[in-house]
Amino acid sequence: MLQQAFDGLVSGAFYALLALGLAVIFGMLGVVNFAHGAFYMLGAFGAYVLLDHWGVSFWIALPVVPVVLGVVGVAVERLLVRRLAALDPLYNFLLTFGIALVLQDLVKREYGVQSQPYPRPSALSGSVNLGLFSYPSYRVFVLGVAVVACLVVWYALSRTRAGMIVRAATERPELTRALGIDVGRWVTPVFGAGIALAGLAGVLAAPMRAVNPLMGSDLIIAVFAVVVIGGLGSIFGSVVSGFAVGVLTAVTNFYLPSLSQTLVFILMVVVLLWRPAGLFGREEGVA
Amino acid sequence: MAAVLRARGLAKEFRGFRAVDDVDLDVPEGGVHALVGPNGAGKTTLFNLLTGFLRPTAGRVTFGEHELSGRPPERIARLGVARSFQITSLFAQLTAREHVELALQGGTGLGWRFWRSDKRLGRFGDRARDLLAQVRLADLADTRAGALSYGHKRALELALALALDPKVLLLDEPTAGMGAEDVDATVELIGRVRDGRTVVLVEHNMNVVASLADKVTVLQSGRVLAEGPYAEIRRDPRVVAAYLGDADATD
């Protein structure tokens, strides 16, 4: 049972990393990035391709792939998303949905739908004794990286000047501009950072989940539910809700396996009925 | 007095509806200029045109020798034309002090040390304290804006606009929704901060206009109906007619 809960924390870590990226992008651009799952998938494939073609190890891929994907994210924002920014957000929903399909199919063309193997890094192939039970070291590592990444984002947003501007621009873009701050300048780096987080989650997933073109689209639906539960645009809410949903799903899987896949959506419905803006959302957030 | 802010032939059309229609406006330097008019007269639209939040359909706005029309709001703010909003609009999660610091850094750009913690930089601390004291919020510096009372929120908005050290301060209904006591405090506050700057004011409360404004422009249906000192304007038969049946006429 305790081990189940720990498994839940690990899958919650993936939810949290992806939901965090979605939340900052939504807050800043008002765009739900449907391509987020595809970038997660590209993160995993990036690690796989680096290892398979050039023998580049996991330890190099872990920082490199997210940075490269962050740059890709910057390009996507600059070249595509920005052009539609002045229009109804629906156009950007469609755009990012299209990007997701294109990326998925490009990878599918090259590698097919079967899962590619990615070995755990040898330093983390064993298990560690956590006192009450022993647990695969790699999973402990994933949890640690995710927690550190969330803390770094939290620090950047809450303690730095740049973070204060991003939070302000997320909450009230008009007032922020009235204070003489160029909000548009911050949209691109925030988009890139959100995509980089998705890439980081992807690399982390490679050694423990099936690396295939559909891994992102399978996961992202649940992540959308996580974001809605936490409150659209709420950065703190998305992280808390990510870990909470992970643990609750794992515990449910232990007692009521048949329900575990559906649980996140049941939670979403309950939260929407009870607090339409999400657990940590602002009331104005209701569209 | 020379005009510091000037609009010529300014117009804004929304899907065929002319919210602002061929308006000429000269805001004299150093004075308090009130924009009044019945609801829907185009006052807020005019404000948004002057501060770059809307692009004019026709006409132009100049500030000294700077052309303002076509510039984005953040540029206009940095040139020295700051505004407040009609609807209380603050960041619920930031404290009063953080609001003012954000406004103070707005004009400076970020420089190379943007990742440094605010506390370590700390260079806006004194200015922020002064501004909060000016609007009588010194004791509430560490309170989140979401927890401030209505009157305090409006005072904080004023501090934000002042943080930009603007030459022209545009206030959109600074006393809207206030009780008599807060209105008096706000009038007194505006009276203090007007020193050395120009204030443009959208205001429904005629007592406020009477006690502050040097010049009044009356708008109706997007056009200038009358203009002049308050004492003259209130006797203008066209103005009286425009306000007849409007609740504001009783003020």
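When segment B:134-156 is examined, which residues are found to be assigned to a helix (DSSP H, G or I), over 16 Å from residue B:89 (Cβ atoms) and not hydrophobic (A, V, I, L, M, F, W, C)? Once the filter is applied, which keeps residues that are assigned to a helix (DSSP H, G or I), over 16 Å from residue B:89 (Cβ atoms) and not hydrophobic (A, V, I, L, M, F, W, C), segment B:134-156 yields B:134, B:139. For segment A:160-170, the criterion of being within 14 Å of chain B (Cβ to nearest Cβ), in contact with an Asp or Glu (Cβ under 9 Å, 6 or more places away or on another chain) and in a loop (DSSP other than H, G, I, E, B) is satisfied by no residue at all. All conditions in (1) away from chain B (no Cβ under 14 Å); (2) touching a strand residue (DSSP E or B) at 6+ places or on another chain (Cβ under 9 Å); (3) under 30 Å from residue B:94 (Cα atoms) hold for residue A:124, with the sole exception of (3). Within segment B:228-235, can one find any residue that is part of a loop (DSSP other than H, G, I, E, B) and at pLDDT below 85? Yes, segment B:228-235 contains a residue that is part of a loop (DSSP other than H, G, I, E, B) and at pLDDT below 85. Here the condition is being within 14 Å of chain B (Cβ to nearest Cβ) and modelled with pLDDT of 85 or more; of A:213, A:207, A:173, A:189, it holds for A:189 alone.
Residue check: residue A:40 meets all listed conditions (1) more than 13 Å from the chain's Cα centre (by Cα); (2) within 30 Å of residue A:125 (Cα to Cα) but one, namely (1). One residue is enough: does segment A:120-137 have a residue meeting the conditions part of a helix (DSSP H, G or I), within 28 Å of residue A:239 (Cβ to Cβ) and in contact with a Leu (Cβ under 9 Å, 6 or more places away or on another chain)? There is at least one residue in segment A:120-137 that is part of a helix (DSSP H, G or I), within 28 Å of residue A:239 (Cβ to Cβ) and in contact with a Leu (Cβ under 9 Å, 6 or more places away or on another chain).
With respect to residue B:144, determine if the residue is within 14 Å of chain A (Cβ to nearest Cβ), crowded, with 22+ Cβ neighbours inside 10 Å and either touching a His at 6+ places or on another chain (Cβ under 6 Å) or modelled with pLDDT of 80 or more (or both).
Answer is no for this residue.
Residue-wise test of (1) farther than 26 Å from residue A:91 by Cα; (2) modelled with pLDDT under 90; (3) surrounded by 23 or more Cβ atoms within 10 Å (Cβ to Cβ).
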| position | (1), (2), (3) |
| --- | --- |
| A:17 | no, no, yes |
| A:23 | no, yes, yes |
| A:35 | no, no, yes |
| A:42 | no, no, yes |
| A:51 | yes, yes, no |
| A:57 | yes, yes, no |
| A:69 | no, no, yes |
| A:72 | no, no, no |
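Of the strands (runs of 3 or more DSSP E) lying entirely inside segment B:1-110, those containing at least 3 residues that are within 14 Å of another protein chain (Cβ to nearest Cβ) and surrounded by 15 or more Cβ atoms within 10 Å (Cβ to Cβ) are B:81-83.
Of all residues in segment B:62-96, those that are aliphatic (A, V, I, L, M) and more than 28 Å from residue A:171 (Cβ to Cβ) total 0. Considered as a group, the residues in segment A:74-98 that are charged (D, E, K, R) and within 28 Å of residue A:149 (Cα to Cα) include one that is surrounded by the most Cβ atoms within 10 Å (Cβ to Cβ), and that residue is A:77.
Restricting attention to segment B:159-186, and to residues there that are away from chain A (no Cβ under 14 Å) and crowded, with 21+ Cβ neighbours inside 10 Å, which single residue is farthest from residue B:52 (Cα to Cα)? Ranking the candidates gives B:186 first. Among the candidates B:97, B:123, the residue that is at pLDDT 85 or above and not acidic (Asp, Glu) is uniquely B:97. Among the residues of segment B:187-208 satisfying the criterion of being aliphatic (A, V, I, L, M) and over 14 Å from the mean Cα position of the chain (by Cα), which is farthest from residue B:230 (Cα to Cα)? For segment B:187-208, the residue satisfying everything is B:208.
The values are calculated or read from the model by the stated rules, or taken from the named source; none is laboratory data. Quick caveat: nothing in here was measured; it's all calculated off a predicted structure. Because the Cβ atoms are built from the backbone with ideal geometry, glycine has one as well, and the counts that use them run over all protein chains shown.
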